[in-house]
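The values are calculated or read from the model by the stated rules, or taken from the named source; none is laboratory data. Predicted, not measured: the structure shown is a model, and the values here were computed from it. Reconstructed Cβ throughout: ideal geometry from the backbone, glycine too, with neighbour counts over all protein chains shown.
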Amino acid sequence: EITKAVLARIKAVDNQVQAFVTVTEEEALQLSAELDGKDLSGKLAGIPYALKDIFCTRGIRTTCSSRMLENFVPAYDCTVVRKLSAEQAVLVGKLNMDEFAMGSSTEQSAFFATRNPWNRECVPGGSSGGSAAAVAADEVPFALGTDTGGSIRQPAAYCGVVGFKPTYGRVSRWGVISYASSLDQVGTLTKDVRDGALIMNIIAGRDSLDSTSVDLPVPDYTEFLDKDIQGMRIAYPRELLQSGIDENIERAVKNALLKFEEMGASVEEVSLPHCEYALPTYYLVATAEASANLARFDGVRYGLRQAEAENVIDMFSKSRAIGFGAEVKRRIMLGTYALSSGYYDAYYLKALKARRLIADDFARVFADYDLIVTPTTPTTAFKLGEQVDDPLTLLMNDVLTVPVNMAGLPAISIPCGHHEGLPIGMQLIAKAFSEGTLFRAAHAFE
Ligand code: GLN
């Protein structure tokens, strides 16, 4: 019944929201029929969900919203999907995104743009825009996304849902198509904080198939939910409130800080002096890694092949010319340039040094504080088409989320108000592997 209701809801609203690239109706109905009458001991028995189309799913097309992978059907499930299946969750479909997770509006999808359910003239954010929109429009109770520079938190903020990005290494990335491997992390988009904690209980943990996943025990995150925040030490970084934040957003976050104080937390201003270098640093590190990761799409092993070619090199370049969109090509070129021998020291190596300074800024603050609070984004959702030809303005959406990925920290975006009918998101950041602190504070605020 739940699966049928969710599929009916998708049918009723998705032609307006356009969150889904693929609806796996047949598979979902079959699985839920099989579950009926079975031992339903799974923690998510019969609960429908959907995935950003970057997670490999056995027998189900996985496109990364790219022409390159338009007809790619993986032969295996990624680790997080295996874990959800083991708890009897029911996958109902794959969600739209910016191609290869490069973008902040879901307009870079090779297929179509997803709409913001609050105002369909506006973008849902990105790159996990389909995931945020599907949860906001009540098409699914939860979705998974990935976050390399903000791709869970920024769309969560734009769509008024909860977006959770765990510590780098907390969740296995095995079977998730890579964008920038030292930054990518899997996380959740949910209606509330409790659901995020429940899903994290299932997907977190060491995976021998992903050597960057960390071997630390996974606590029961729901145990943090009902603890109060008496005595919690909260910092808010001065610089991040000066970087062109819309005054309505600043007001909403300041009100939220007052509420934290009323609940017994202390709030103090701090400095993260190197965060101003986070965006340029990110766009060197992320594109460098992307240029290496995307080299595998050559028309031989995966995806699209342009067979009408004179020789194999011509086949590589024609396949890539047709298969990749403009933004992906731009980033491959930038990353290749940054890694090339004459420029490596000036760009890539320098970016790595700046990244260390950014991480050290956070470490310094976290020696004295439990939590850092910022807005998630400088503005609310913008209009479709408004920034599509302006990659530099588009990058500014990520100015508050990117530093967190550079330092590998966990963070959550939760709704903290509205302006002109559009949601405002607040970001909470904690020490590495202190996910519980985030759930505790976010739930207290909710
Ligand atoms: N918007 C950022 C980018 O375009 C972040 C994307 C992400 O987190 N995947 O790279």
- Query: Which of the residues belonging to segment 379-408 are under 16 Å from Tyr236 (Cα atoms) and in contact with a strand residue (DSSP E or B) (Cβ under 9 Å, 6 or more places away or on another chain)?
  - Reply: Leu400, Thr401, Pro403, Val404
- In the list Glu87, Glu27, Glu70, Glu34, which residue meets the criterion of being in contact with a helix residue (DSSP H, G or I) (Cβ under 6 Å, 6 or more places away or on another chain) and either away from the ligand (no atom under 16 Å from the Cβ) or within 17 Å of Glu139 (Cα to Cα) (or both)? Glu87
- Query: at pLDDT 95 or above, farther than 30 Å from Gly421 by Cα, under 23 Å from the mean Cα position of the chain (by Cα) and not β-branched (Val, Ile, Thr) - does that describe any residue in segment 297-307?
  - Reply: yes
- segment 51-67, subset within 18 Å of Arg173 (Cβ to Cβ) and within 14 Å of the ligand (Cβ to nearest atom), residue surrounded by the fewest Cβ atoms within 10 Å (Cβ to Cβ): Phe55
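A quick yes/no check of all residues on (1) in contact with a strand residue (DSSP E or B) (Cβ under 7 Å, 6 or more places away or on another chain); (2) buried (at least 24 other Cβ atoms within 10 Å of the Cβ):
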| site | (1), (2) |
| --- | --- |
| Ser178 | no, no |
| Ser181 | no, no |
| Val186 | yes, yes |
| Asp195 | yes, no |
| Ile199 | yes, yes |
| Leu209 | no, no |
- Consider Ser131 carefully, then state whether it is out of contact with any Asp or Glu (no Cβ under 9 Å at 6 or more places or on another chain), hydroxyl-bearing (Ser, Thr, Tyr), within 16 Å of the ligand (Cβ to nearest atom) and in contact (Cβ under 8 Å) with a residue 24 or more places away in the chain. yes
- Tabulated pairs, segment 137-154, first closer than 16 Å to Tyr179 by Cα, second assigned to a helix (DSSP H, G or I) and more than 9 Å from the ligand (Cβ to nearest atom), C-beta under 6 angstrom, 6+ apart or interchain: Gly145/Ser131
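Let's see how each residue does on (1) at negative phi; (2) within 16 Å of the ligand (Cβ to nearest atom):
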residue: Ala180; (1), (2): yes, yes
residue: Leu183; (1), (2): yes, yes
residue: Arg194; (1), (2): yes, no
residue: Met200; (1), (2): yes, no
residue: Ser213; (1), (2): yes, no
residue: Leu216; (1), (2): yes, no
residue: Asp220; (1), (2): yes, no
residue: Gly231; (1), (2): no, no
residue: Ile234; (1), (2): yes, no
- Task: Could you tell me whether Glu386 is touching a Pro at 6+ places or on another chain (Cβ under 8 Å) and under 30 Å from Asn116 (Cα atoms)?
- Result: no
- Note on the structure: Turns out the helices (runs of 4 or more DSSP H) fully within segment 289-387 with at least 2 residues that are within 30 Å of Phe260 (Cβ to Cβ) and not small (Gly, Ala, Ser) are 350-366
- Among what's in segment 43-61 and is among the basic types (Lys, Arg) and assigned to a loop (DSSP other than H, G, I, E, B), pick the residue that is nearest to Ile2 (Cα to Cα). Lys43
- Item | Selection count where residues are surrounded by fewer than 24 Cβ atoms within 10 Å (Cβ to Cβ) and either more than 16 Å from the ligand (Cβ to nearest atom) or under 13 Å from Ala137 (Cβ atoms) (or both), scope segment 93-114 | 2
- Query: Is there any pair with a first residue in segment 384-410 that is on the phi > 0 side of the Ramachandran plot and a second that is away from the ligand (no atom under 13 Å from the Cβ) and assigned to a helix (DSSP H, G or I) whose Cβ atoms are under 9 Å apart and which are 6 or more apart or on different chains, and what are they?
  - Reply: Gly408/Ala359
